Structures are given as structure tokens and as C-alpha cells.
């Protein structure tokens, strides 16, 4: 697995030469955030409650370790706070439509909702 991750990172580094770093950071950050939301909400659907921590999430694949280390999760009384802390290189500035969080338990985030 370690060799696979190193190979993927190497390929992405070579490919990223033609993309602005801010754009790549936002693309990876968006994917990390969306993946986290999907697993957190799936846990809530299956268990009737949001996880106390991300370590409670089940059925994760090897690639999910990437986004697990890119977000900060805090369970709250009525839902959860989710912060994106790493995209490609550092903390990205993300914007999502307000409709994205409709029906979700997200209460606070560093994502800008439009």
C-alpha cells in the first residue's frame, strides 16, 4: 500500500505542474470534505447517531485514510462541525452552495456557503 501511495503522489506531482496550486488544493479539499460528509452521514443513517469520533466509521477503504487526515470533526449535541484542514498543500478555501448541507448535520465549518 505504501508503494501505491508513493506512486500516486509522484504521478500527481508531475501532473500538477500544469495546474495552479490553489486550484489543485481546492479540488483535493473538496473531495476530502465530500468524502467525510458521506461517511459521517452514512454512519448516522445506519446507527441513528453521529459518530463520537471519525475512528468509529466503518467499512473504510485504504484511500479513505487520506481524507481522514485532511478534516477535523467534532460531534455536537444536534449534529457535527466539520473543518477542512488539508487539500493538496495546506488548508484550501472552499465554497459550496447552501443547498449542499440541506438535511445534513453540519453545524459549523470553515467552508463558505453560498
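Tabulated data for the structure shown
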| quantity | calculated |
| --- | --- |
| Fully extended contour minus Cα-Cα distance, from residue 62 to residue 23, at 0.36 nm per residue | 11.6 nm |
| Residues 98, 56, 41, sorted so that the one with the fewest Cβ neighbours within 10 Å comes first | 98, 56, 41 |
| Residue order, fewest to most surrounding Cβ atoms within 10 angstrom, among 59, 33 | 59, 33 |
| Linear extension gain, residue 93 paired with residue 107, 0.36 nm per residue minus alpha-carbon span | 3.3 nm |
| Shape category assigned to the range 22-113 from the gyration tensor of Cα positions, a/c cut at 1.5 | oblate |
| Inter-site label distance for residue 49 and residue 34 at 7 Å from Cα along Cβ, in nm | 3.1 |
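Read-outs: derived from the displayed coordinates by stated rules, not from any lab. Computed from a predicted model, the values in this text were never measured in an experiment. All Cβ positions, glycine included, derive from the backbone under ideal geometry; neighbour counts span all protein chains shown.
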